[in-house]
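Throughout, read-outs are computed from the coordinates displayed, never taken from laboratory work. Computed from a predicted structure; not experimentally measured. No Cβ is skipped: glycine too gets one built from the backbone with ideal geometry, and neighbour counts run over all protein chains shown.
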Amino acid sequence: MITTILQYELKQLLRKRVGWALLLFVLLGGGYAIAYGWLNYRHYRTQIEEVQQKQTETYAELAPKYDTLTQLGDQAPERLKSFGDPIMADFRYRRYSTWLPGSLSALAVGQRDQQTPYQRIQLYRNVNLSELEEINNPEQLLAGNFDLSFVLVYLLPLLVIVLGFNALSQDREEGILSLLKVQGLTPKQLLFTRVALQFGLLWGLSILICSIGFAVVGADWAHWPAWVLGCGAWLLLWAGLVAWVNTWGRGSAFNATVLAGFWIVLLILLPALINFWVDRTYPVLPRSEFMATARDISSQEWDRPVAAILADFQKTQPDLYAKIPQPIRDTQAIKVFMYNENSIAKVEQLGAPLMRTGAQRMGLENRLKYLNPAYAFNAILTTSAGTELSNFIDWQNATKETLKQNRELVYQIGLAGKTFKKAEFERLPTFKAPPLKAQVGGNLLCLGILAGLLWLLVLWSTRRDSMAI
């Protein structure tokens, strides 16, 4: 009996023109999303490769000069002696910290398009002041990216709704359901068979799209199971919603309206409410206001007299101040070091609440994922791609540590009145990227539990309303 139903339902599905149209739309959308994501990733990677090339070229240009400076010492030509100045050595050697998730980020852009791809490692650089702080395309930031994760999160549920909203109601409205009951087929069997067939076909479709995407962008196939299982859990959740609404015994139009309402609530209203809740719970200083205040701090600090800057530095950094040789104290040269350290300290003090609030917001959002299955599914995709916000924060913290090491070395040489030679040049720190976080087990478990609970509700509804359906 079940085999006959499956054969019949497969033929019926193939006759649905609306289903074919939406299927074509999802396939075309998936193809466009893969192509868009790949081109976007190539542009992003080109930026990173350019700055890395600059770093390599700068090292190749400077290393021979420091070899000569070390060998000749005081006999070095005047044009080379300026390279021994610690500030100039730091300025000339272009080093960068880069945030480069793997090629899988082409399929799940996540935070990558909203964050700085690289930072200059330099004495005057502050990690809170981005290299590219302005938004290039506000409309894209508002609308998001049409990447493969967008297709899977937003468009795939629409296909589930179109195929399943009338799983029982159409047969009831056409009088076929009564005839099927005479043949010994229960509505429960019919509903579960149809939903299972639709789920299997759509999961197969999502696996096909994901596989094509992985192959095109050259992604690490170790993350493929996470995407496949995530799609399965996401489809299982929507299949459960479709089955549950069909157990209410209402008409097709009513079912379609309710399921469309669920789509709007889960993918638009609920995320918006959660964002509102987070914003109200942990409000943050607008980035534009923070940037303007940080610039004012730096400008005001530089305009202060050398004596005032030095006095503040003595209070805040007594150990470092004690190492400054008397001959270079109270000079304009020392102002550069003191100004930089004082302004960075003040900007970091300004940015500390911002960073702390950001961590608190992220923690609250992670807890609220149990109220938002769409967030849990999207987190599976972006986390495995390395474009989740937590990965960017790890990169920013690693950049901050590298900047700190750089300042300490330049201060150590400069405040002692010494010059850079080959050994000091080689000690200038370069950035080492932290490992990307790709653990998706928690989000998979969350999504699976939500889908399982929904299907328990479906089973309970079919037993309670067996006569109605």
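How big is D for region 361-403, in µm² s⁻¹ as a whole number, if Stokes-Einstein is applied with the Kirkwood radius of its Cα pairs at 20 °C and 1.002 mPa s?
Estimated via Stokes-Einstein, D reaches 188 µm²/s.
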Averaging over every viewing direction, what projected area does the convex hull of the Cα atoms of region 26-86 cover, in nm²? 5.5 nm²
Order of 92-104, 65-77 by packing, highest average Cβ count within 10 Å first? 92-104, 65-77
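Mind giving me the FRET efficiency for Ala359 and Leu80? R0 is 45 Å, r the Cβ-Cβ distance, nearest 0.05 is fine.
So, using R0 = 45 Å, E works out to roughly 0.45.
How many percent of the alpha carbon pairs in region 182-223 exceed a separation of 11 Å?
Within region 182-223, distances greater than 11 Å cover 70 percent of Cα pairs.
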If you build the convex hull over the alpha carbons only and average its shadow over all orientations, what do you get for region 376-463? Give it in nm² to one decimal. 7.4 nm²
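Efficiency by 1/(1 + (r/R0)^6): what FRET value for Gln314 and Lys54, r their Cβ-Cβ distance, R0 = 30 Å, to the nearest 0.05?
E between Gln314 and Lys54, to the nearest 0.05, is 0.20.
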Sites Ala253 and Leu39 - FRET efficiency at Förster radius 41 Å, r taken between beta-carbons, to 0.05: 0.50
